[in-house]
Amino acid sequence: MRIGFALASSLAAKQDMLYELIKDVSSQYGHTVVVLTSQEEDLDYIDIAIACGSALYHEEVDFILTGCSSGLGMQLACNYVPGIICGYGTSEIEATLFARINQGNAFSYPFALNWGWASEEVYRSVLHALFKGLTQAPYPQAEADRKQQATDKLKRLKMTSHLTFEDFIDVYKG
């Protein structure tokens, strides 16, 4: 899987450290990481969400890892972009459940809120749970069919409630 990694300019100081961490964890699962943003550009979380949508739409990547100070703004912005189903979590269980139940294609994390001593190790454990969860059947196993039907329904809802990516870009840039 090709993992896209993107951060807003406000987090540029953490980009290299996070990239190395993501690269280390993802390589253990056979994934490669592509940095989608340049530290020289002045991009906010909305710009990043659109860049993430473009990378997914053009099949440059298969999955997005992103975040912002709280992680919540990025999750919201990503979910407004056609083709992105973005989850949010700060724990292994949230990452596992998102991967196994919602089966989205983007995950947002808070890179400033409560970020302190050993935070990169917490993020490392979240990434392991996320990547492992992406390879597992829906949870719980006894409910796999029902969970898969709900996931398919969520994806249909997303597709029918949004413009195509091309139309979205045309209207957005207006």
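Averaging the Cα positions of each part gives two centres, and for the stretch 51-87 and the stretch 91-107 these lie 14 Å apart. Spacing of the modelled spin labels on residue 39 and residue 155, each 7 Å from Cα toward Cβ, amounts to 3.7 nm. Amide H to amide H, with H built 1.01 Å from N, residue 69 comes under 5 Å of 111, counting only residues 5 or more places away or on other chains. Per-residue extension of 0.36 nm, minus the Cα-Cα distance of residue 80 and residue 28, leaves a gain of 15.6 nm for this segment. Shape class of the stretch 2-173 from the Cα gyration tensor (axes a ≥ b ≥ c, square roots of the eigenvalues): oblate, since a/c reaches 1.5 or more and a/b does not exceed b/c. Residues whose amide H comes within less than 5 Å of that of residue 104, counting only those at least five positions distant or on another chain, are absent (H built at 1.01 Å from N in the peptide plane).
Normalising by the residue count of the chain, find the relative contact order in percent from Cα pairs under 8 Å and 6+ residues apart.
Numbers: 281 pairs, mean separation 38.9, N = 174.
Relative contact order comes out at 22 percent.
By the Cβ rule of 4.7 Å, the chain holds the following cysteines without a possible disulfide partner: 52, 68.
Just so you know, all these numbers are worked out from the coordinates, no wet-lab data involved. This one's a predicted model, so the numbers in the text were calculated from it and none came from an experiment. Positions of Cβ are generated from backbone atoms using ideal geometry, with glycine treated the same way; all protein chains shown enter the neighbour counts.
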